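**Q** Can you keep this structure in mind? I'll have questions shortly.
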């Protein structure tokens, strides 16, 4: 069994540490659980939003966000976030340096592309980031996922993983935070329906793995 932990967009931009970007309540509280789930794994993956200051979807205020756009790979406006080189781009404190991870995914680099899942650069899920192929090369059998936000990038990453591999996917709720109760509940139901095993914390995952 090859177990791989995946930290999805565990960046300062999605936490109260960057209140003017896309803060998720409690987004800075997931680090301990991310590190615990990594202790159960053989390898660890980091994914990051890595955006341009010239992104076509970027707006300045929350009120301007979530408006539809007519781009093939940028469907909605979003507040500026995770611009490369800024504080928001950085991982949450107490996570490893990127060089300590085994595989890195940077997504949303192109100014007119804003993907959510970590497996594909485009919204049609046709241009691979290489994550699926890397997991296959490592003969992954179980994936443990946590990160931000539950109802967007985490959900889409989990669904992409379930649709493109034969591994078992565990979602660690204690290592996730989401935006709203309604969309979190819908996301969890969709992931579970597709085959994800929803767990309360790394301890529960450990028990399920028989470690």
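**Q** I need a count of the residues in region 50-81 that are in a loop (DSSP other than H, G, I, E, B) and without any contact (Cβ under 8 Å) to a residue 24 or more places away in the chain.
**A** Count: 6.
**Q** Still on this model: Take residue 95 and tell me if it is in contact (Cβ under 8 Å) with a residue 60 or more places away in the chain, more than 17 Å from residue 57 (Cα to Cα), in a helix (DSSP H, G or I) and more than 13 Å from the chain's Cα centre (by Cα). Talk me through it step by step, then tell me what you get.
**A** Numbers: in contact (Cβ under 8 Å) with a residue 60 or more places away in the chain: yes; more than 17 Å from residue 57 (Cα to Cα): yes; in a helix (DSSP H, G or I): no; more than 13 Å from the chain's Cα centre (by Cα): yes.
The answer is no for residue 95.
**Q** Looking at region 166-181, is at least one residue in a loop (DSSP other than H, G, I, E, B), over 21 Å from residue 10 (Cα atoms) and out of contact with any helix residue (DSSP H, G or I) (no Cβ under 8 Å at 6 or more places or on another chain)? Lay out the reasoning, then the answer.
**A** From region 166-181, those in a loop (DSSP other than H, G, I, E, B) are 166-167, 178-180; that's our starting set.
From what is left, the residues that are over 21 Å from residue 10 (Cα atoms) are 166-167.
Those left that are additionally out of contact with any helix residue (DSSP H, G or I) (no Cβ under 8 Å at 6 or more places or on another chain): 166.
Checked against the condition, which is being in a loop (DSSP other than H, G, I, E, B), over 21 Å from residue 10 (Cα atoms) and out of contact with any helix residue (DSSP H, G or I) (no Cβ under 8 Å at 6 or more places or on another chain), region 166-181 yields at least one hit.
**Q** Let me ask you something else. Which one of 146, 178 is surrounded by 15 or more Cβ atoms within 10 Å (Cβ to Cβ) and more than 17 Å from residue 39 (Cα to Cα)?
**A** The unique qualifying residue is 178.
**Q** Could you say whether any residue in region 122-142 is within 11 Å of the chain's Cα centre (by Cα), assigned to a strand (DSSP E or B) and either surrounded by fewer than 21 Cβ atoms within 10 Å (Cβ to Cβ) or on the phi > 0 side of the Ramachandran plot (or both)?
**A** Checking region 122-142: not a single residue is within 11 Å of the chain's Cα centre (by Cα), assigned to a strand (DSSP E or B) and either surrounded by fewer than 21 Cβ atoms within 10 Å (Cβ to Cβ) or on the phi > 0 side of the Ramachandran plot (or both).
**Q** Taking the stated definitions as given, is residue 198 touching a helix residue (DSSP H, G or I) at 6+ places or on another chain (Cβ under 9 Å), on the phi < 0 side of the Ramachandran plot, surrounded by fewer than 21 Cβ atoms within 10 Å (Cβ to Cβ) and in a helix (DSSP H, G or I)?
**A** No, not satisfied.
Only the coordinates and a few stated rules stand behind these numbers; no lab work does. Just so you know, these numbers come straight off a predicted model, no measurement behind them. Glycine also receives a Cβ, built like all others from the backbone with ideal geometry; neighbour counts cover every protein chain displayed.
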